[in-house]
Amino acid sequence: MTNRNKHIAIVEDDDNIRELLAENLRRAGYQVSAYFTAEQFERKADAGYQMLLLACFVRIYAFTRGFLPAQHYLARAFKVFTLEKGLLAGGLAVAGGLAIIGATLYGWALGGFGELEPLVQTRWVIAGRTIASLGAQTILFSLVFSYLGLDEKPRTRDD
C-alpha cells in the first residue's frame, strides 16, 4: 500500500504548525485533512456517518417502494440488522462514550479540579462525545431502518 492510499487528519490550532505538517505529509504522499479545532474534525466525522446513513435510507426506501429492482442483499439486511441489534449496538456506544467522559471527569475530580492537560483530557472527552453521538445516531438509524423494513417485500409501481 502506498502512502497515497493513507489519509491523515491533523487537528492543530496554530496555523503555521498545521500548514507545515500538512505540507510535509502531502510531500510524503499522504492525503491530508487539516482542522483548526477538534470540534471541526468531529463535525466532519459526524457528517460522514450521517451521509452514509442517508445513502442507506435512500436505497432502502427505493427498494421497499419498488423504485429499484429487488436486491437480495437488501432483503438479507433486514434479517441480519434487526432493531434489537441496532438498539444494543447504539446503546453500548452511547454508554461507552459516556463512560469515557465520566472517567475523564472522575480523574479531574480526583486531582481537585485543578488545571487540565488539554492534550490528554480533551482528547478523551472528544473521543467519548464522538462515540456517544455515533451511538445515538445508530439508535435512530435502527428505528428508521426497522420502520422502512416493516414492508420488506418490494412493491411494484402498479401496487
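Each reported figure results from applying straightforward, stated rules to the coordinates on display, with no laboratory input. Model, not experiment: these values are computed from the prediction. Here Cβ is always computed from backbone atoms with ideal geometry, including for glycine, and neighbour counts include all displayed protein chains.
Karplus-derived 3J(HN,Hα) values for region 124-140, using 6.51 cos²θ - 1.76 cosθ + 1.60 with θ = phi - 60°, are 5, 5, 5, 4, x, 5, 5, 4, 5, 5, 5, x, 5, 5, 5, 4, 5 Hz; glycine and proline are entered as x.
Per-residue packing, averaged as other Cβ atoms within 10 Å, sorts the ranges 94-100, 55-61 into the order 94-100, 55-61, beginning with the highest.
For ILE10, the amide hydrogen comes within under 5 Å of the amide hydrogens of SER33, ALA34, TYR35, counting only partners 5 or more places away or on other chains and with H modelled in the peptide plane. Three principal axis extents describe the C-alpha atoms of region 32-157; from largest down they are 65, 33, 16 Å. Working note: 222 nm ellipticity from helices only, DSSP H runs with n ≥ 4, each -39,500 (n - 2.57), summed and divided by the residues of the chain, gives -22500 deg cm²/dmol to the nearest 500.
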